[in-house]
Amino acid sequence: MIVGVDVREWQGERRTGIGRFLEEFLRVARGVRASDRFLLLGNGESRSRVCGDNVTFACLPERWTPWWDQVTLPRALGRSGADVLYSPYIKIPLAGRVPAVNTVHDLTFFIRPDYNRRRPDRLVNVPFRLFCRAVVKCAAAIIVDSAASGRDVRRLLRADPAKVRVVPLATSPAFRPDGDPARDAATLARFGLAPGYVLYVGGFWPHKNLPRLIRAHAALPDALRRRHPLVLAGGPSSAAVDRLVQGPTAAARCLGSVPDTDLPALYRAAALFVFPSHYEGFGLPVLEAMASATPVLCSTAAALLELAGGAAQHIEPEDDAGWRRALQELLENPARRESLAAGGRARAAAFSPERMASSILTVLEEAAACRR
């Protein structure tokens, strides 16, 4: 079959979670389905990140995004003879002739009111929800990262349950316990870090709950806090986070956006990975930490409980005392951390790129068969 893929998430040097997921899927898919063709469709800002004999990249001019989505893209698919379109987010042509499958990673913008803090965002939220409902109605199938996310899609977007397919994400093979010691040491030196810190990787949006984590870490005994400083990797920057990080009792640092090539070393050198989010559709950084054999302390968000499968320690996201207590207990108990690390590594082994790619390709093939 010929698979059209929307790759506008690949914008120059900008790295996003969706972009990394798409790259990992196509890296595997092009190999396991050598007889299929993958037509990667981007705009003037897009850069192809996957190559192969059965991979073609096409740049389609984009002056106005809705026109690209609803006119330019379906025209290009029609000319190419594509059997199916795969979109890695909530965007597909609403009147295209080619069956479309899209992935809905999460519905944070509908579930968390603190995500839409600006008045324009709140005003756009209602028409955007109507558009998303139209997308899931027109899609041949809807892929979600977790059963928890699937429940949200059915409830909030009124999706047909028969269309919703759960395909968990996967880690890159780069996330593993046994890296190159010299290269890892060089990475830490470049960031001015020593092994043994508490690590967070992800966004700084309000629903990520970072202020509570920073306050809990700042309340640790002084010697413990300084022996295990808090390191925050990601962004974009937040005034609330910056204010707390600069507080008199804080032992924390914001690294900003970290290149993908440096992340594995950062995970491996951490004494503990923390993820206090109120809501997630999956929680890829938790999986990356587990694959790196780094013990995980995360919230009780439904998707994180589903992902960890008992291989992490969980705290209610709003339990201030619980976060401080759990941080202290884990940092003072190496045996417990080793147990979590071993369990996490075993759990992560089930989330392979090959399993993820095979599952997505099966959904695409079923959608393409409906057209024939």
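When the range 331-372 is filtered for residues that are more than 24 Å from the chain's Cα centre (by Cα) and either at positive phi or small (G, A, S) (or both), the ones remaining, listed by number, are A335, S339, A367, A368, A369.
Test of understanding: among V198, V164, which residue is surrounded by 20 or more Cβ atoms within 10 Å (Cβ to Cβ), of a type outside the set (S, T, N, Q) and closer than 30 Å to P88 by Cα? After applying the criteria, what remains is V164.
Scanning the range 53-111 for residues that are over 27 Å from the mean Cα position of the chain (by Cα), buried (at least 21 other Cβ atoms within 10 Å of the Cβ) and part of a loop (DSSP other than H, G, I, E, B) yields A82, D83, V98. Of the residues making up the range 148-159, those that are surrounded by 14 or more Cβ atoms within 10 Å (Cβ to Cβ) and either of a type outside the set (D, E, K, R) or under 21 Å from L94 (Cα atoms) (or both) are A148, S149, G150, V153, R154, L156, L157, A159. The residues on offer are R20, R49, and the sole one that is of a type in the set (D, E, K, R), assigned to a helix (DSSP H, G or I) and outside the structural domain of P236 (by TED's automatic domain parsing) is R20. Only one entry in E62, E9, E24 is over 27 Å from G281 (Cα atoms) and in contact (Cβ under 8 Å) with a residue 12 or more places away in the chain, namely E62.
What about V135, is it modelled with pLDDT of 85 or more and in contact with a helix residue (DSSP H, G or I) (Cβ under 6 Å, 6 or more places away or on another chain)? Show your work before the answer.
Numbers: modelled with pLDDT of 85 or more: yes; in contact with a helix residue (DSSP H, G or I) (Cβ under 6 Å, 6 or more places away or on another chain): no.
The answer is no for V135.
Which of the residues spanning the range 251-266 are outside any loop (DSSP other than H, G, I, E, B), touching a Gly at 6+ places or on another chain (Cβ under 9 Å) and either at pLDDT below 95 or within 15 Å of G192 (Cα to Cα) (or both)? Spell out how you get there, then give the answer.
Within the range 251-266, the subset outside any loop (DSSP other than H, G, I, E, B) is 252-256, 260-266.
Right, trim to touching a Gly at 6+ places or on another chain (Cβ under 9 Å) and you get 253-256, 264-265.
The answer is R253, C254, L255, G256, A265.
Entry remark, the range 138-159: residues being of a type in the set (A, V, I, L, M, F, W, C) and closer than 19 Å to A308 by Cα number 3 in total.
Of everything in the range 255-289, what is farther than 30 Å from S339 by Cβ and either in contact with a strand residue (DSSP E or B) (Cβ under 9 Å, 6 or more places away or on another chain) or surrounded by 20 or more Cβ atoms within 10 Å (Cβ to Cβ) (or both)? Give them in sequence order. Answer for the range 255-289, where residues must be farther than 30 Å from S339 by Cβ and either in contact with a strand residue (DSSP E or B) (Cβ under 9 Å, 6 or more places away or on another chain) or surrounded by 20 or more Cβ atoms within 10 Å (Cβ to Cβ) (or both): G256, S257.
Being assigned to a helix (DSSP H, G or I), under 12 Å from L266 (Cβ atoms) and at pLDDT 95 or above is the requirement here; does L193 meet it? Before you say what the answer is, go through the steps one by one.
Numbers: assigned to a helix (DSSP H, G or I): no; under 12 Å from L266 (Cβ atoms): yes; at pLDDT 95 or above: yes.
No.
Of the set (1) under 18 Å from the mean Cα position of the chain (by Cα); (2) of a type outside the set (A, V, I, L, M); (3) modelled with pLDDT of 95 or more, all apply to P229 but (1). With the structure loaded, tell me whether P248 is in a loop (DSSP other than H, G, I, E, B) and either closer than 23 Å to R215 by Cα or at pLDDT 95 or above (or both) or whether it fails that test. Judged against the criteria, P248 is a match. Residues of the range 306-320 being farther than 17 Å from A349 by Cβ and either free of Cβ contacts under 8 Å to residues at least 24 places away in the same chain or not in a strand (DSSP E or B) (or both), which ones? Matches in the range 306-320: H314, E316, P317, E318, D319, D320.
The values are calculated or read from the model by the stated rules, or taken from the named source; none is laboratory data. None of the values given here were measured: they were computed from a predicted structure. Note that each Cβ is placed from the backbone with ideal geometry, even for glycine, and that neighbours are counted across all protein chains shown.
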